[in-house]
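Notes for the one structure printed next.
The values are calculated or read from the model by the stated rules, or taken from the named source; none is laboratory data. These numbers come from a predicted model, not from an experiment. Positions of Cβ are generated from backbone atoms using ideal geometry, with glycine treated the same way; all protein chains shown enter the neighbour counts.
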């Protein structure tokens, strides 16, 4: 058991294989950046969150692009729940001010996902 107040380093408790299922976890907080008015009432804090959004989202996607995305799907050869989740988050990149030219693998994944019949059907249903 860790000593009280001791925070173990992530590298000491997980392996690369353990992290792969959590490949999109750093992006869970992006919803807070898209809707800061839902959680913050201070106008200066809202402005700062909006200012930081492109940097934070770009950093998260750069990590996925460079180190976590296995290809051709998020987890490698097998399509998993991570694929539609990453697709959904990647839909916001341009609106978040992220330079997508730095994310060719993520953008290729997004393009391939958008061509899947189930994705097309879901988007059509959502849009009306």
Unique match (being within 22 Å of residue 126 (Cα to Cα), surrounded by 11 or more Cβ atoms within 10 Å (Cβ to Cβ) and at pLDDT below 85) among 28, 23: 28
Count - residues of the stretch 77-104 that are surrounded by fewer than 16 Cβ atoms within 10 Å (Cβ to Cβ) and in contact with a helix residue (DSSP H, G or I) (Cβ under 6 Å, 6 or more places away or on another chain): 2
Helices (runs of 4 or more DSSP H) contained entirely in the stretch 77-128, each with at least 1 residues that are under 14 Å from the mean Cα position of the chain (by Cα) and in contact (Cβ under 8 Å) with a residue 60 or more places away in the chain: 82-90
